[in-house]
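*Asks:* Mind looking over this structure? Questions follow.
Read-outs: derived from the displayed coordinates by stated rules, not from any lab. Bear in mind that the values here come from a model prediction, so they are computed numbers and not experimental data. Neighbour counts are summed over all protein chains in view; Cβ atoms, including those assigned to glycine, are modelled from backbone coordinates with ideal geometry.
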Amino acid sequence: MNARLDSFSYDDAIVRKFLFATIIFGLVGMLVGLIIAVQLAYPAANFGPIFAFGRLRPLHTNAVVFAFAGNAWFCGAYYATQRLLKTRMWSDKLSNFHFWGWQAIIVAAAITLPLGYTQAKEYAELEWPIDVAILIVWVAFAVNYFVTLTKRRERHIYVAIWFFIASIITVAVLHIFNNLAIPVGPLKSYSIYAGVQDAFMQWWYGHNAVAFFLTTPFLGLMYYFLPKAADRPVFSYKLSILHFWSLVFLYIWAGPHHLHYTALPDWASTLGMVFSVMLIAPSWGGMINGLLTLRGAWHKVVEEPVLKFFVLAVTAYGMSTFEGPVLSIKTVNGLAHYTDWIIAHVHTGALGWNGFLTFGMIYWLAPRLFQAPLFSKKLAETHFWVSTFGILLYVASIYSAGITQGLMWRAFDETGRLQFPDFIETTMRLMPMYWVRVAGGTLYLAGTVIFIYNIVMTWKRRPAAYDVPVVTAAPLDLSTPEPHAPAGTGVYARFVGLGWHRRWEGMPLFFSVMVLVAVAVASLFEIIPTFLIKSNVPTIASVKPYTPLELAGRDLYIREGCFNCHSQMIRPFRFETERYGDYSKPGESVYDHPFLWGSRRIGPDLAREGGKYPALWHVRHMENPRSISPKSIMPSYPFLLTNRTDFDGIQKRVDAMAMLGVPYGDAINHANQMARDQAALVAADIEKNGGPAGLADKEITALVAYLERLGTDIRQPAATAAAPAATAAATTPAPLKAGGN
């Protein structure tokens, strides 16, 4: 036995930094969420272009996911890891680089997203320089973390660390492969994937960003802080092992269930559904393990606000991880997809699971980090009940809104016609529910303000100088062999007894490799057929690349966040084809970098928008939507009629698309002039029909050109469809319509 003891101290300064970042960005993210909730109920609250819904919505999601939840994870992980491994983090410099680098990334996101710089990918909107910065900061975090594992003074790594390891590894894999892109400028890029393949990669990333940024790391926090707060051991070690490995292996398959009934091959979404349904077992295993950890301590839940937060958080985890698999079932998805039901589901997890677990963790941490008693247990209790009531109002109203939407969209009257053919009829039915959501969000935010006040007042009670306890522990002695199962127990008994896993816990590098293998095998099984089997994405001869002006218009559409409200993917349901036109095909989006199928319909689908209305209609609609539809909740975009189109930048965008394999013929050499020529035609058509003059060099003409193009390729006559692909799209502007329906 090694008689030598090491003396060291824990780095709690880094934990305090992440704690303050968590509460600051939590307030910002929730405030922006409340603003966009108001904008949906009261469109006059859109103050464009920067403070319009389309630009603020990704700011809200990024602030809550990566700023609030991300900082909360890092806060808890730095505190728990040092104590579980009985060692200080390997490098204070890397810890601080991680902190300041992450905050710089958040600030960069807060600046660029409202300015319209976005990749248009859910949870991956940030443009390429910020993506590179994320990778650098993440590598620093990972190096610091894994080297710390090698410096540990405990042989075995505890269950919380398993979840942290899986999160660090998988988030890196997801981030790298989903964000591969060709830069066009300092803050503009195009995804290397297109259409179906881009959609698959995005939801492989998007679903697993939720899994490995909002679920697994917070399970790690649960496994550490809940037993600490309850002063009870985790209910079941074996259940922890089953929970961890089944979750890590199964979760990564589930992403394609977001793409049921789309142009994605059916086998992929079906496979995603199967694994999603299987996820119920490990997810509920984790919930049961958490709640049963409180056995014998339920009287404490009544007395301690911290445990109340933990109980509600774990319950919300169970609810959302049951609902997720249910929503993945195709028949349920057919009703729920594109509706507010999905929004309610997401917020049950974000507000209930992530939010309440974070609140409980910080309430537990604050007295220990600030070395002062919590300012007010009564305020913590008040916070719990105010925010709980806020969640209930929020999700009840939005679940109701989602089901209402789904049923109204698919309703037919006794004559066989759509009962609600005008999309705005459904929108108006939701207005009372949207206001209830605002009330619920206000209550949740009010609870958060109470929380911040309580924590700040606790911080003010801190001593003049923090006491830094010196900890002693024996260094890790790896010369002593790992104990094996008793002789004669047999291989089966050893496996069931999970002695093999106990040995893995003493080999963190091997453990990490096995996590990577589990994630990689599941990913490659879906990715390889999607990318290597050409017949999975059949082409359509009549589908041509966007003209240079249409490409510029598409980029404006992305800049204004129109994809946040409008889908471009008609599903093969009668109620959709009656309303929007023929269902969408895989080959329609082969030149779309990125894909814009959308995940929500606040407005109607636009996949067949081209030719439905004249160019002037689109001008009036963008200038003031209420001039076309008095009850519209869409923001106004009058600045598009005065902002000048960046014709000089169009050539670079066409060149980048050509690098990605888009057949751009003559446009490779004359993109600027071709865009100007088509803009002149669009502007002349607008003026001829009574619209404003002088729009040829304005952004509105590019956007109109794009909208007028949507869906027209597959409606072309057969003779036109046979035209040479390389030249027809590059030289012929989209059809201009003088009339509409």
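*Asks:* Order of Lys544, Lys378 from fewest to most other C-beta atoms within 10 Å?
*Replies:* Lys378, Lys544
*Asks:* Among Gly360, Tyr251, Trp204, which residue has its Cα positioned farthest towards the positive end of the charge dipole of region 6-462, with +1 placed on the Cβ of Lys and Arg, -1 on the Cβ of Asp and Glu, and the dipole taken about the Cα centre?
*Replies:* Gly360
*Asks:* Hey, another quick one. With only alpha-carbon atoms counted, please give the Rg and Dmax of region 345-437, in Å.
*Replies:* Calculated on Cα positions, Rg and Dmax stand at 20.6, 72 Å.
*Asks:* Say each of Val449 and Ala104 gets a label point 7 Å from the Cα, pointing the same way as Cα to Cβ; how far apart are those two points in nm?
*Replies:* 3.4
*Asks:* Still on this structure: Which value in deg cm²/dmol, rounded to the nearest 500, describes the helix-derived mean residue ellipticity at 222 nm for the chain, given -39,500 (n - 2.57) per DSSP H run of n ≥ 4 and division by the residue count?
*Replies:* Dividing the helical sum by the residues of the chain leaves -19500 deg cm²/dmol.
*Asks:* According to the Cα gyration tensor, what semi-axes, each the square root of 5 times an eigenvalue, does the equivalent ellipsoid of region 138-199 have, listed from largest to smallest in whole Å?
*Replies:* Equivalent ellipsoid semi-axes, largest first: 35, 14, 6 Å.
*Asks:* Can I ask one more? Please rank Cys75, Cys565, fewest neighbouring Cβ atoms within 10 Å first, as an exposure proxy. Please report the intermediate quantities before stating the final value.
*Replies:* On the way: Cys75 27, Cys565 21.
Final ranking by Cβ density, sparse to dense: Cys565, Cys75.
*Asks:* Just order 49-57, 507-515 by mean Cβ neighbour count inside 10 Å, highest at the front, would you? Intermediate results must be reported in sequence, preceding the final value.
*Replies:* Working: 49-57: 21.7, 507-515: 16.2.
Result, highest mean Cβ count within 10 Å first: 49-57, 507-515.
*Asks:* Run the quick spin-label model on Ser9 and Ile540: label points 7 Å from Cα toward the beta carbon, then report their separation in nm to one decimal.
*Replies:* The modelled label-to-label distance comes out at 6.7 nm.
*Asks:* Taking θ as phi - 60°, what are the ³J(HN,Hα) couplings along region 684-690 by the Karplus curve (6.51, -1.76, 1.60), each to the nearest whole Hz, with x for Gly and Pro?
*Replies:* Once rounded to whole Hz, the list reads 5, 5, 5, 5, 4, 8, x.
*Asks:* Stokes-Einstein diffusion coefficient for region 217-277 at 20 °C in a medium of 1.002 mPa s, Rh from the Kirkwood formula over Cα pairs: what value in µm²/s?
*Replies:* In µm²/s, the coefficient is 157.
*Asks:* From the backbone phi of region 13-20, what are the Karplus-calculated ³J(HN,Hα) couplings (6.51 cos²θ - 1.76 cosθ + 1.60, θ = phi - 60°) in whole Hz, Gly and Pro given as x?
*Replies:* 4, 5, 5, 4, 4, 5, 4, 5
*Asks:* Would you list which aspartates and glutamates come within 17 Å of Lys544, measuring only between C-alpha atoms, while excluding same-chain residues fewer than 8 positions from it?
*Replies:* Glu588, Asp592, Glu609, Asp655, Asp666, Glu708, Asp713
*Asks:* Give me the lysines in straight-line cross-link reach of Lys151: C-alpha distance below 21 Å, same-chain residues under 8 apart excluded.
*Replies:* List returned: Lys86, Lys93.
*Asks:* Let me ask something else. Using Cα atoms only, what is the angle between the long axis of helix 237-251 and the major principal axis of the chain, expressed in degrees (0 to 90) to the nearest 10?
*Replies:* 20
*Asks:* Between (i) 27.4; (ii) 26.6; (iii) 32.8, which matches Kirkwood radius over Cα pairs in Å calculated for the structure shown?
*Replies:* Correct label is (i).
*Asks:* Now for a different question. For the chain, take the longest principal axis of its alpha carbons; what is the angle in degrees between that and the long axis of helix 216-230, to the nearest 10 within 0 to 90?
*Replies:* Between helix and principal axis, roughly 40 degrees.
*Asks:* Report the net charge of residues surrounding Ser236, where surrounding means a beta-carbon distance below 15 angstrom and charges are Lys +1, Arg +1, Asp -1, Glu -1. Let's see the in-between values first.
*Replies:* On the way: positive: Arg232, Lys238, Arg295, Arg502; negative: none.
That sum, taken over residues with Cβ under 15 Å, equals +4.
*Asks:* Right, here's the next one. What does the C-alpha gyration tensor say about the overall shape of region 548-731? Classify as rounded when a/c is under 1.5, otherwise prolate if a/b is larger than b/c, or oblate.
*Replies:* The shape class here is oblate.
*Asks:* Taking the Cα-to-Cβ direction at Lys378 and at Thr270 and moving 7 Å from each Cα, how far apart do the two end points lie in nm?
*Replies:* Inter-label distance under the simple model: 6.2 nm.
*Asks:* Sticking with this one: What does the charge count around Lys652 come to, taking other residues whose C-beta lies under 12 Å from its C-beta (Lys +1, Arg +1, Asp -1, Glu -1)? Mind dumping the intermediate values first?
*Replies:* On the way: positive: Lys188, Arg653; negative: Asp555, Asp646, Asp648, Asp655.
Net of charged neighbours comes to -2.
*Asks:* Using a Förster distance of 60 angstrom, determine the FRET efficiency expected from the C-beta separation of Gln371 and Arg574, and round it to 0.05. Please list the in-between numbers first.
*Replies:* Numbers: r = 66 Å, r/R0 = 1.10.
For R0 = 60 Å, the calculated efficiency reads 0.35.
*Asks:* Distance check, please: which entries in Lys121/Lys228; Lys238/Lys308; Lys612/Lys698; Lys188/Lys698; Lys188/Lys688 exceed 32 angstrom between their Cα atoms?
*Replies:* The answer is Lys121/Lys228; Lys188/Lys688.
*Asks:* Can I ask one more? In straight Cα distance, which aspartates and glutamates are under 12 Å from Lys330, not counting same-chain residues fewer than 8 positions off?
*Replies:* Within the straight-line limit of under 12 Å, Lys330 reaches these aspartates and glutamates: Asp266.
*Asks:* With θ taken as phi - 60° and the coefficients 6.51, -1.76 and 1.60, list the Karplus ³J(HN,Hα) couplings across region 332-347 in order, rounded to whole Hz; mark glycine and proline as x.
*Replies:* For region 332-347, the Karplus-derived couplings read 5, 4, x, 7, 8, 4, 6, 9, 6, 4, 5, 5, 4, 4, 4, 6 Hz, x marking Gly and Pro.
*Asks:* Calculate the FRET efficiency for Phe20 and Lys238 from the Cβ-Cβ distance with a Förster distance of 45 Å, rounded to the nearest 0.05.
*Replies:* Given R0 = 45 Å and the Cβ-Cβ separation, E is 0.70.
*Asks:* Tell me which residues come under 5 Å, amide H to amide H, from Phe235 once H is placed; ignore anything under 5 positions away on its chain.
*Replies:* Thr293
*Asks:* Let me ask another. Based only on other Cβ atoms within 10 Å, what is the fewest-to-most ordering of Tyr223, Tyr205? Walk me through the intermediate numbers first.
*Replies:* Values: Tyr223 26, Tyr205 23.
Least crowded to most crowded, the residues run Tyr205, Tyr223.
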